[in-house]
Amino acid sequence: MSDPSVQHQQARPAVPVLHEQRLDEVLGAAPERGRWRYRPRRVGMVWRSKVFRAGAVIVALVLCGLVILALVREQTGPEGFLVGLGLAVLPVPLLMAAFRWLDRVEPGPWRNLIFSFAWGACAAALVAIIANSFATRWIATATADPASADTLGATVIAPVVEESAKAAAVLLIFLFRRREFSGVVDGVVVAGFTATGFAFTENILYLGNAFGEDQLSGSSGLASVTAGTFFVRIVMSPFAHPLFTVLTGLGFGFAAVSARRHRARRIALPLLGLLLAMGLHALWNGSSSFGPYGFYAVYGIVMVPAFGLVTWLAIWSRQRELRTLAAELPAYAAAGWLTPAEPSALSSMRARGMARDLARHWQPDRARGRAAARAVAEYESFATSLAGLRRRARHGAVGPDYGARERELLHHLWQRREVAAPALAHAALMTARPGAHQGRPLPTPYGTGYGYGYANGYAYGTGYGPGHAPGYGQTHGHQPGYGHTQGHTSPYAPGAYPPPQPDGSAPHSHRRPPS
């Protein structure tokens with residue numbers, strides 16, 4: 001029988017050990033700045049240029065925006081359009097802030113979120129208006145019953161068309177920005193921004209049409225159609241469209257963390273999320289046909305509990321990201337890349353924010369303070385990506401470029417270490433339990449030395465690691481960084497390189513990595 005301890009070692013990817021090895025051999029293997037995407041350069045093909053693709057996407061979204069603007073303005077009129085625009089924009093900042101708060105642990109790039117919002121507001125809304133109008137007219141012509149055609153279009157056609165159009169944005173980011181789509185939270189945030197943009201355009205249309213009806217009938221005040229539409233769509237259910245599309249985002253998020261060998265699961269989960277989104281959307285649209293109290297029954301029995309469940313799941317996933325940091329980063333602290341205090345600081349949102357504030361206030365002027373805080377924030381982001389990468393590697397959800405991606409992230413951490421490590425160490429001690437830091441001198445500000453003191457055999461500072469880290473070294477397996485430790489000498493083996501200096505600098509006889 002095989003030894004369970006050996007099997008456990010084989011299941012965990014190895015970590016490059018920093019102690020007594022050449023930095024050039026580890027950090028020098030990181031890709032150059034122009035190759036940090038891990039994609040080979042292809043010259044001679046215009047459509048493979050990033051600038052060309054980005055320009056094509058922007059032009060397409062701008063054209064969709066101009067067309068949807070003309071259609072909505074034509075249906076609502078100039079005054080109705082302005083009124084609808086002013087009222088529809090009210091919930092947008094709140095929804096965007098809520099989704100961005102969920103993404104604070106490992107913030108995704110703003111370009112993805114702006115693309116998602118623009119896709120929902122322009123492309124998805126344009127597809128929905130054209131497809132829904134065409135389908136409704138076709139059903140009315142085929143059945144000679146316009147009333148039933150409107151009901152059928154709202155409960156069957158609209159959910160399928162709208163959720164498919166919104167899901168396209170999540171699919172595009174999942175396929176073409178895969179490195180930035182790493183889990184459930186990313187799926188929720190991308191889907192939420194897409195649905196927020198779609199709801200924004202749809203609310204302009206509904207509120208503008210309601211204002212036009214009030215202008216014709218002379219209604220005003222709380223009894224007007226505009227007030228009723230505003231109450232239902234902006235006050236009672238601003239989360240409706242985000243809730244539907246978040247179900248699709250959850251499916252893509254769970255697919256992102258599934259092992260690469262589970263191809264059927266990675267395909268089925270997004271489809272299941274899309275079907276659930278369509279079903280909930282259809283139930284919401286058809287609630288008015290269930291009687292005079294059907295809308296309120298669906299709202300109270302289905303929508304509110306579903307919203308609470310999805311919110312809980314999103315917050316739980318956010319906390320799970322923090323637990324991943326606490327579980328995965330100690331391996332890098334044992335190898336010398338992080339100080340022993342950093343895993344606990346990086347797994348606490350309070351400590352992370354405090355570290356940024358400390359780095360800002362420890363600098364002599366405002367400009368240097370902003371640069372230091374930005375460096376700490378980048379350090380936290382790269383450390384979070386490193387922990388997530390290691391967790392996915394243990395579950396078999398990474399590709400053969402795992403080793404290159406890990407070296408690149410370690411390269412980024414090392415470049416920012418002198419600024420970030422003291423602030424994180426200080427924040428870890430300040431946020432520890434009362435009395436936990438007794439006997440440990442607190443870090444001193446930059447420029448006056450790093451007097452961190454010792455605790456449990458570890459040195460709190462920017463350069464010390466715990467020394468030797470047995471269990472890491474030459475690896476054997478199907479992918480870089482996997483397998484178990486053998487007794488061979490390797491670039492990552494302990495003893496191959498002198499340790500960093502006590503002040504946190506690189507060893508004297510070797511150069512630092514390029515900035």
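Derivation of every value follows stated rules applied to the coordinates shown; laboratory data play no part. Here the structure is a predicted model, which is why all the values come from computation and not from measurement. Here the Cβ positions follow ideal geometry from the backbone for every residue, glycine too, while neighbour counts run over all protein chains shown.
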Taking only the alpha carbons of segment 160-283, the radius of gyration and the largest Cα-Cα distance, Dmax, both in angstrom, are 17.8, 64
Per-residue ³J(HN,Hα) for segment 232-245, Karplus 6.51 cos²θ - 1.76 cosθ + 1.60, θ = phi - 60°, Hz, x for Gly and Pro: 6, 8, 9, 8, 7, 9, x, 8, 4, 4, x, 5, 4, 6
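Place the peptides 270-278, 108-116 in order of packing, highest mean first, counting for every residue the other Cβ atoms within 10 Å and averaging per peptide.
270-278, 108-116
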Two-site FRET efficiency, Gln319 against Val59, from Cβ-Cβ distance with R₀ of 45 Å, rounded to 0.05: 0.65
In the neighborhood of Pro270, defined by Cβ-to-Cβ distances under 14 Å, what is the net charge if each Lys or Arg adds +1 and each Asp or Glu adds -1? +3
So what are the ³J(HN,Hα) numbers for segment 252-259, from phi and the Karplus equation (6.51, -1.76, 1.60; θ = phi - 60°), rounded to whole Hz, Gly and Pro as x? 5, x, 5, 5, 5, 9, 7, 5
